[in-house]
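Every number here is computed from the coordinates shown, using simple stated rules; none is lab data. This one's a predicted model, so the numbers in the text were calculated from it and none came from an experiment. Heads up, the Cβs are rebuilt from the backbone with ideal geometry, glycines too, and the neighbour counts pull from every protein chain shown.
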Amino acid sequence: MAEKLSALWGSFTDLFEKYVWNAVREMNFVDVLDILLLAFALFYVYKFIRERRAAKLAIGLLFVSAALVLSIIINMRAVKFILQNFYQVGIIAIIIIFQSDLRAALEKVGTTPIRGLRSVGSVASHGETATNIEKICTAADALSSTKTGALIVIERETKLGEYLTQGVIVNADLEPMMIRNIFFNKAPLHDGAVIIRNGRIHAAGCYLPLSTADINKDLGTRHRAALGLSEMSDAVVIVVSEETGTVSVAEGGSLRRNFNFSSLKQELTRLLVPAESVNSNRGLFGRRKKTGKEGGEDEK
């Protein structure tokens, strides 16, 4: 037994010296930069999967990886053979099973704006953005008071063209009364979502992808649809519950609930008006300037 432990310790020290100590001694600036970039990538992956079903899969893969490393160190040939073959086939199976999550991750990476270039080509005045936020909050508050179910999507960097084709193009001015009329329970478009693009009601009656995440059982299809779209894009989605009148906001794969007029206004201002835009008189509703905390309970 002592000989086996001694051999195991010797293998560990050899591996440590070969792969860790020698690497640290020969490290240069490029290696440090390489490590920092890898750490950033791993942190982004962790941040993306921690609140999704893929998180459980990641934990399982860590255990399998640990078992593979252990089998290599102590030369467990049968286990090593099985686990190595599992990785060859398992990675492809994981890509197929979690293709929607991987797609969402790549879409977010591809649409994450570089600081300072966020509003290039789609600039609106801060005053106009604030006015639009006020109108949306007025509509949401009125819908909440009458317990009228609603789903309001504010498009940002990620374009939502694939969901627009499922609805009806409206292209109307952003007015609280118009939003209320669309979601009136006798109206033909009240079951779908309203998509706001460039400061206008662009489409209504749009159907959104449903989230597969575990959420409160009291929440219905509207909340699941809002969460699903927020997982796949950078859109801000406002939900009004038909049962309780509760106003919620989905963004970045999380759902925050129990907003009133003032707290919703603060939340939308935080999400839609970057800090630098407040000082530079710019916003994010995507229109050029014409010339001449309360509430918010997290539900992941």
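Brief remarks follow.
- Segment 153-245 shape via C-alpha gyration tensor axes, a/c threshold 1.5: oblate
- For segment 138-218, the list of trypsin sites (Lys or Arg not before Pro) that fall in a loop by DSSP and count at most 14 other C-beta atoms within 10 angstrom reads 147, 159, 186, 217.
- Linear extension gain, residue 65 paired with residue 169, 0.36 nm per residue minus alpha-carbon span: 32.4 nm
- Subtracting the Cα-Cα distance of residue 6 and residue 260 from their residue separation scaled by 0.36 nm leaves 84.8 nm.
- Label-to-label distance, nm, for residues given as residue 177 and residue 210 (7 Å Cα→Cβ offset): 3.7
- Given their separation in residues at 0.36 nm each and the Cα-Cα distance between them, residue 17 and residue 40 gain 5.7 nm when the chain is fully extended.
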